[in-house]
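Read through the structure below, which is laid out as structure tokens, and then see the notes.
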Amino acid sequence: MNIAICDDNPEDRSQLRDMLTPYNAKEKLNIKEFSSGEELIMSNEEKFIWDIVFLDIEMEGITGIETGKKLRKLRRDVIVIFVTSHINYVSDAFRQNAFQFLVKPVQDKEFRKDFERALRLWRNRHKQYVIKSGDKTYVIKYSDILYLEAYHRHIKVHTEKTDYECIGKLNDEYQKLKPYGFVQCHQGYIVNMGLISGFSKTEVTMSDGSEVPISRRLYTVMMREFNMYIAGKMV
């Protein structure tokens, strides 16, 4: 797991690194420190590798909020934990779909609670989904699935790279996927909430630009589930 700590105060970076130390042996953490948002963004020029980013909000140069926006454009599912000395920045952090925020000085109990929740989310995203199609079996990450579509006793699994078809019932697949951030938005569709980029009352827009219908009957339920998901209450 790759973790970035971005803070212009070396003592605060050191504190977070020390708090991560007990997890290092079991999780095999690759931790790197950055002193500015610009430096962190430049580290992703070739390939985005960061799974979890601890991001100070109040930095010279581009702020943590602006850095978070840029990170989201590079990789939407990056887990961002904002760190701040001032509680008034919290609303700005959550408008960036922050996974969580920590208030300085960071308390060990709060750190463990939020980091372990982030670990559970990361593990869930890396679980694998098995699809049997004819005489072939495909294994893909749950996090790569955009949505499932049901038709004529078949299911089409849509990912950004390709689609897979198999025989099955949508409800059976939903029971497998629901604990991992999926929600049913229509009788014939299940979507990955982690890859939603927007929605209206009639359709969901996914990260690849595809649009999935929302039924009037399921709209309220879906919005409740989505709000819980982005608030971290389903993790």
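The values are calculated or read from the model by the stated rules, or taken from the named source; none is laboratory data. Treat the numbers as computed from the prediction; the structure is a model and nothing was measured. Neighbour counts run over all protein chains shown; Cβ positions are idealised from the backbone, glycine included. Side chains are part of the model used for accessible areas, which takes the heavy atoms of the whole protein and leaves out ligands, DNA and RNA. Shrake-Rupley method; radii C 1.70, N 1.55, O 1.52, S 1.80 Å.
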Is there any pair with a first residue in the range 206-235 that is under 17 Å from I79 (Cα atoms) and in a loop (DSSP other than H, G, I, E, B) and a second that is modelled with pLDDT under 95 and open to solvent by less than 50 Å² (accessible area, probe 1.4 Å) whose Cβ atoms are under 6 Å apart and which are 6 or more apart or on different chains, and what are they? S207/L195; V235/R117; V235/L121
Filter the range 71-94 for residues that are buried (at least 20 other Cβ atoms within 10 Å of the Cβ) and part of a helix (DSSP H, G or I); which is modelled with the lowest pLDDT? A93
Complete set of residues in the range 45-64 that are out of contact with any Cys (no Cβ under 9 Å at 6 or more places or on another chain) and at pLDDT 85 or above: F48, I49, W50, D51, I52, I57, E58, E60, G61, I62, T63
Search the range 95-144 for residues being closer than 14 Å to F54 by Cα and in a strand (DSSP E or B), and hand back the single one that is nearest to the chain's Cα centre (by Cα). Q100
Can you pull out the residues in the range 150-168 that are under 22 Å from the mean Cα position of the chain (by Cα) and under 16 Å from H186 (Cβ atoms)? V157, H158
